[in-house]
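One structure is given here, and the rest of the page talks about it.
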Amino acid sequence: MASPAGCEHYVRSCLLKAPCCDKLYVCRLCHDAEENHQMDRFKVREVQCSKCQTVQQAQQTCQQCHVQFGEYYCDICHLFDKDKKQYHCQPCGICRIGPKEKYFHCEKCNLCLAQDLRGNHKCVENVSRQNCPVCMEDIHTSRIGAHVLPCGHLLHKTCFDDMVRKGAYRCPLCMHSAWNMEDHWDQIDIEIAQSPMPTEYQGATVKIICNDCQAHCTVPFHVLGMKCSGCGSYNTAQDGGLIQQPQQLQSEQDTENEAETDTELEQQDQPESPTQH
């Protein structure tokens with residue numbers, strides 16, 4: 001909704017003249033919400049002063065009444081807003097909220113990331129050009145911050161927070177653990193130690209694939225989880241059915257043999273039928 005101070009998205013004192021339809025809107029987001037097409041922010045050439053209503057070339061200060069349209073102005077994105085330490089990232093092609101010195105542009109990910117992730121994240125080529133795998137909305141130009149998962153995939157920070165609240169700990173794209181799960185794996189270790197499997201399943205193993213380290217291994221079967229022998233993760237998927245150990249097979253064979261012996265003895269104890277003449 002428009003106001004003298006801007007809209008719900010930005011604080012500014014001007015309206016953008018949409019190059020696509022010549023209509024006046026406070027911002028591209030307000031335009032896109034009302035129209036059946038999108039405004040190209042980079043093609044904006046004119047703005048209207050909210051104070052004196054003078055239509056003029058896009059610039060930071062009104063040529064007529066000299067009101068400042070925004071504390072921050074980018075003449076590439078035509079972004080007017082209050083000062084949030086914004087900066088224009090040339091490789092990203094858009095403005096980012098800074099301060100600039102706290103961020104760097106990762107060439108492979110094609111995204112601005114916090115300095116503490118420099119050399120400390122898994123690169124995925126052009127990852128920011130993919131939509132958020134949770135809400136399926138754009139990440140690169142979104143006003144919502146992006147969260148980088150250990151696997152390198154991105155999702156909106158708000159979507160990640162929702163995942164945490166719901167206990168969904170896997171990346172929606174590759175199933176890798178979305179945060180450090182070591183404490184949780186330790187808890188599962190304790191629960192398994194306190195909950196032995198029934199006799200018929202003791203010693204049974206199963207093949208698994210680990211979603212965290214991609215290892216293929218054969219591990220003890222337990223209904224509470226199968227632990228990767230490579231990295232210790234319980235974020236695993238079963239690959240095939242149970243594998244019975246030799247002692248289990250022998251025990252089952254002995255049981256079958258005993259059953260057959262009992263049947264033979266029962267048959268021997270039965271009286272013979274008289275011969276018919």
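The values are calculated or read from the model by the stated rules, or taken from the named source; none is laboratory data. What you see is a predicted model, and the numbers here were worked out from it, not measured in a lab. Here Cβ is always computed from backbone atoms with ideal geometry, including for glycine, and neighbour counts include all displayed protein chains. The area values use the complete protein model at the heavy-atom level, side chains included, leaving out ligands, DNA and RNA. Shrake-Rupley method; radii C 1.70, N 1.55, O 1.52, S 1.80 Å.
For the stretch 52-124, which strands (runs of 3 or more DSSP E) that fit wholly inside it have 3 or more residues that are touching a residue at least 24 places away in the same chain (Cβ under 8 Å)? Show your work before the answer.
Numbers: elements: 55-57, 72-74, 79-81, 86-89, 94-97, 103-106, 111-114.
In the stretch 52-124, the matching strands (runs of 3 or more DSSP E) lie at 79-81.
Scan the stretch 131-159 and report the pairs whose first residue is within 24 Å of residue 88 (Cα to Cα) and whose second residue is polar (S, T, N, Q) and buried (at least 16 other Cβ atoms within 10 Å of the Cβ), with Cβ atoms within less than 6 Å and a gap of 6+ or a chain change.
Within 6 Å, the pairs are 139/128; 140/128.
Consider residue 42 carefully, then state whether it is without any contact (Cβ under 8 Å) to a residue 60 or more places away in the chain and open to solvent by less than 40 Å² (accessible area, probe 1.4 Å). Step through it out loud before you land on a result.
Numbers: without any contact (Cβ under 8 Å) to a residue 60 or more places away in the chain: yes; open to solvent by less than 40 Å² (accessible area, probe 1.4 Å): no.
Answer is no for this residue.
Are any residues in the stretch 1-18 open to solvent by 60 Å² or more (accessible area, probe 1.4 Å) and either assigned to a loop (DSSP other than H, G, I, E, B) or of a type in the set (Asp, Glu) (or both), and if so, which ones?
1, 2, 4, 8
Tell me whether the stretch 218-229 contains one or more residues that are part of a helix (DSSP H, G or I), β-branched (Val, Ile, Thr) and over 27 Å from residue 136 (Cβ atoms). Explain how you work it out, then say what you get.
Our first condition is that a residue be part of a helix (DSSP H, G or I); within the stretch 218-229, this holds for none.
No, the stretch 218-229 has no match at all.
Which residue out of 149, 113, 155, 173 is touching a Pro at 6+ places or on another chain (Cβ under 7 Å) and open to solvent by less than 40 Å² (accessible area, probe 1.4 Å)? Please lay out each step first, then the result.
Numbers: 149 fails: touching a Pro at 6+ places or on another chain (Cβ under 7 Å); 113 fails: touching a Pro at 6+ places or on another chain (Cβ under 7 Å); 173 fails: open to solvent by less than 40 Å² (accessible area, probe 1.4 Å).
Of the residues listed, the single one that is touching a Pro at 6+ places or on another chain (Cβ under 7 Å) and open to solvent by less than 40 Å² (accessible area, probe 1.4 Å) is 155.
Could you tell me how many of the residues in the stretch 189-209 are out of contact with any His (no Cβ under 8 Å at 6 or more places or on another chain), hydrophobic (A, V, I, L, M, F, W, C) and either at positive phi or touching a residue at least 24 places away in the same chain (Cβ under 8 Å) (or both)?
2
Conditions tested, residue by residue: (1) surrounded by fewer than 16 Cβ atoms within 10 Å (Cβ to Cβ); (2) assigned to a strand (DSSP E or B); (3) modelled with pLDDT under 95.
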| residue | (1), (2), (3) |
| --- | --- |
| 185 | no, no, no |
| 191 | yes, no, no |
| 197 | yes, no, yes |
| 200 | yes, no, yes |
| 203 | no, no, yes |
| 208 | no, yes, no |
| 212 | no, no, no |
